[in-house]
Amino acid sequence: MSETWTTTSIPDQHGRVAVVTGANTGLGYETAKALAERGASVVLAVRDVKKGEQAAARMTGDVTVQALDLSSLESVRAAAEALRSRLDRIDLLINNAGVMYTPKQTTRDGFEMQLGTNHLGHFALTGLLLDLMLPVPGSRVVTVSSTGHRIRAAIHFEDLQWERSYSRVGAYGQSKLANLMFTYELQRRLTPHGTTVAVAAHPGMSSTELARNTPAALRLPLTWLAPLITQTPAMGALPTLRAATDPAVLGGQYYGPGGRHEVKGHPRVVTSSPESYEVAVQQRLWAVSEDLAGVTFPVVQPTRSPSPGSAQAGV
């Protein structure tokens with residue numbers, strides 16, 4: 001694979017439909033913009049419709065807006081219903097939106113905010129839209145994780161919602177680990193269908209609004225180091241774009257920046273933490289997520305469990 005993959009490497013996307021969450025700013029905006037410029041019909045699924053419309057106006061191509069608040073399962077269901085009423089297929093579902101290092105708070109459904117938004121909201125949305133993807137050859141679910149998934153690398157089933165004690169950094173790490181485990185288990189369940197694949201990506205260290213809740217103790221050092229360790233949102237979006245469009249991508253792969261420590265650089269296949277590959281934990285998280293989100297996927301657990309990245313190439 002080329003180590004200098006850029007937006008010019010994106011194949012023609014005419015005829016493809018892409019839904020990108022959190023696409024009014026940052027990584028989501030750059031992802032949606034690049035896909036639209038290559039010909040895809042792009043839906044910006046965003047919490048603030050006005051900001052989404054302003055973002056769409058700055059893009060070229062076929063770009064529309066859909067209201068979506070991932071911190072509310074009611075909103076997720078309403079958005080899925082609206083998308084189903086207007087679309088007859090989805091080629092790309094890009095689960096990009098997220099929150100990071102938020103103070104202790106819960107979603108409208110009572111879930112810890114970072115787990116509820118970053119994982120459970122996207123889990124529910126994917127499950128509700130997946131039957132629009134399964135008949136589409138080459139369709140992909142791309143979920144954006146983070147190097148932060150290595151922080152306290154565990155799913156804390158004994159206190160999943162951080163009710164006993166709260167660490168904003170630890171809760172973020174759990175939510176991003178959940179993103180990866182969701183991807184790997186989803187790919188395992190998609191393999192028998194032979195059409196849709198699940199892929200993950202992370203942006204490295206990118207300068208976006210996502211870091212606005214960074215704890216004060218970390219904020220000043222990061223400000224000093226930012227010129228050395230961060231990259232633009234456009235560069236940070238490249239791993240997601242490669243995961244979504246490179247014909248050589250395999251289901252279950254994980255893409256990130258190719259530079260030192262994966263903080264910046266052109267996208268390539270990377271590996272996640274050892275904990276993220278624990279199949280039993282993936283499957284337990286899936287069962288818990290179905291129960292919490294109230295969503296059952298139109299795919300079932302296979303009798304055999306192929307390892308991530310071993311499934312099939314995208315089209």
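The values are calculated or read from the model by the stated rules, or taken from the named source; none is laboratory data. Keep in mind that this is a model prediction, so the values were computed, not measured. Because the Cβ atoms are built from the backbone with ideal geometry, glycine has one as well, and the counts that use them run over all protein chains shown.
What is the number of the single condition among (1) under 13 Å from the mean Cα position of the chain (by Cα); (2) closer than 21 Å to Gln283 by Cα; (3) crowded, with 24+ Cβ neighbours inside 10 Å; (4) not acidic (Asp, Glu) that Gly116 does not meet?
Among (1) under 13 Å from the mean Cα position of the chain (by Cα); (2) closer than 21 Å to Gln283 by Cα; (3) crowded, with 24+ Cβ neighbours inside 10 Å; (4) not acidic (Asp, Glu), Gly116 violates only (1).
Considering only the stretch 102-134, state which residues are part of a helix (DSSP H, G or I) and among the polar types (S, T, N, Q). Explain how you work it out, then say what you get.
Our first condition is that a residue be part of a helix (DSSP H, G or I); within the stretch 102-134, this holds for 113-132.
Listed by number, the residues that qualify are Gln114, Thr117, Asn118, Thr126.
Keeping to the stretch 251-273, report how many residues are modelled with pLDDT of 95 or more, out of contact with any Asp or Glu (no Cβ under 7 Å at 6 or more places or on another chain) and assigned to a loop (DSSP other than H, G, I, E, B).
6
Within the stretch 8-67, track down each residue that is among the charged types (D, E, K, R), assigned to a loop (DSSP other than H, G, I, E, B) and surrounded by 22 or more Cβ atoms within 10 Å (Cβ to Cβ). Explain how you work it out, then say what you get.
First, the residues of the stretch 8-67 that are among the charged types (D, E, K, R): 12, 16, 30, 33, 37-38, 47-48, 50-51, 53, 58, 62.
Next cut, assigned to a loop (DSSP other than H, G, I, E, B) only: 12, 16, 38, 47-48, 58, 62.
Passing the criteria: only Arg16.
For the stretch 149-169, state whether one or more residues are surrounded by fewer than 24 Cβ atoms within 10 Å (Cβ to Cβ), in a helix (DSSP H, G or I) and hydrophobic (A, V, I, L, M, F, W, C). Give the steps one after another, and end with the answer.
Restricting attention to the stretch 149-169, the residues satisfying the condition of being surrounded by fewer than 24 Cβ atoms within 10 Å (Cβ to Cβ) are 150-169.
Narrowing the set further to residues that are in a helix (DSSP H, G or I) leaves 150, 157-159, 168-169.
After this cut, where a residue has to be hydrophobic (A, V, I, L, M, F, W, C) as well, the list is 157, 169.
Checked against the condition, which is being surrounded by fewer than 24 Cβ atoms within 10 Å (Cβ to Cβ), in a helix (DSSP H, G or I) and hydrophobic (A, V, I, L, M, F, W, C), the stretch 149-169 yields at least one hit.
Of everything in the stretch 133-147 that's surrounded by 20 or more Cβ atoms within 10 Å (Cβ to Cβ) and closer than 8 Å to Thr196 by Cα, which residue is nearest to the chain's Cα centre (by Cα)?
Keep residues of the stretch 133-147 that are surrounded by 20 or more Cβ atoms within 10 Å (Cβ to Cβ), which gives 133, 139-147.
The next check asks that each one be closer than 8 Å to Thr196 by Cα; those that pass are 133, 139-141.
Working: Met133: 16, Ser139: 15, Arg140: 11, Val141: 8 Å.
Of everything passing the filter in the stretch 133-147, Val141 is nearest to the chain's Cα centre (by Cα).
Going by the structure shown, is Ser289 modelled with pLDDT of 95 or more, buried (at least 17 other Cβ atoms within 10 Å of the Cβ), part of a helix (DSSP H, G or I) and polar (S, T, N, Q)? Walk me through it before giving the result.
Values: modelled with pLDDT of 95 or more: yes; buried (at least 17 other Cβ atoms within 10 Å of the Cβ): yes; part of a helix (DSSP H, G or I): yes; polar (S, T, N, Q): yes.
Yes, satisfied.
Would you pick out the residues in the stretch 1-57 that are within 21 Å of Ala67 (Cα to Cα) and aromatic (Phe, Trp, Tyr)?
Tyr29
Filter the stretch 250-267 down to residues that are under 23 Å from Thr196 (Cβ atoms) and surrounded by 21 or more Cβ atoms within 10 Å (Cβ to Cβ), then give me how many there are. Give the derivation first.
Keep residues of the stretch 250-267 that are under 23 Å from Thr196 (Cβ atoms), which gives 250-256, 267.
Narrowing the set further to residues that are surrounded by 21 or more Cβ atoms within 10 Å (Cβ to Cβ) leaves 251-256, 267.
Adding up the residues that qualify gives 7.
In the set Ala280, Ala248, which member is touching a residue at least 12 places away in the same chain (Cβ under 8 Å), of a type in the set (A, V, I, L, M) and not in a strand (DSSP E or B)? First the steps, then the outcome.
Values: Ala280 fails: touching a residue at least 12 places away in the same chain (Cβ under 8 Å).
Only one candidate passes the filter, namely Ala248.
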